[in-house]
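The values are calculated or read from the model by the stated rules, or taken from the named source; none is laboratory data. It should be emphasised that the depicted structure is a prediction, and the values quoted were computed from it without experimental measurement. Because the Cβ atoms are built from the backbone with ideal geometry, glycine has one as well, and the counts that use them run over all protein chains shown.
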Amino acid sequence: MADKELEAKVIEVLDAYRPQLQADGGDMEFVSIDDKNRVHVKLVGACGSCPMATMTLKMGVESYVKDAIPEITEIVQEM
């Protein structure tokens, strides 16, 4: 998949997951995809300061994105 295609697909999948975060007063912003196919996101709102944010990111967002786009290796939180 070309870089721009992959980025568009990742953003589409993140947008599909976003309402689950917004329901709790949080959200996430897409930052980038690195050369190791790791997606970098920034958690904002309630998610930015939530003690469960790492678990939400790994067990929720990462699992969801990797299921939809197997070439993604990891979701990384930017501060």
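Residue count for the range 1-15, restricted to those that are touching a residue at least 24 places away in the same chain (Cβ under 8 Å), part of a helix (DSSP H, G or I) and either in contact with a helix residue (DSSP H, G or I) (Cβ under 9 Å, 6 or more places away or on another chain) or at positive phi (or both): 4. Applying a threshold of 6 Å to beta carbon distances and a minimum spacing of six or more residues, or different chains, the list of pairs starting in the range 48-74 at a residue that is among the polar types (S, T, N, Q) and ending at one that is at pLDDT below 90 and in a helix (DSSP H, G or I) is empty. If you go through the range 41-65 and keep only what is farther than 15 Å from ARG18 by Cα and either more than 12 Å from the chain's Cα centre (by Cα) or surrounded by 15 or more Cβ atoms within 10 Å (Cβ to Cβ) (or both), you end up with SER49, CYS50, PRO51, MET52, MET55.
Does the range 21-33 include one or more residues that are acidic (Asp, Glu) and within 14 Å of GLU74 (Cα to Cα)?
Taking the range 21-33 as the starting set, the residues that turn out to be acidic (Asp, Glu) are 24, 27, 29.
In the following step, the residues that additionally are within 14 Å of GLU74 (Cα to Cα) were identified as none.
No, the range 21-33 contains no residue that is acidic (Asp, Glu) and within 14 Å of GLU74 (Cα to Cα).
PRO51 satisfies every condition listed in (1) outside any loop (DSSP other than H, G, I, E, B); (2) modelled with pLDDT under 95; (3) not basic (Lys, Arg) except (1).
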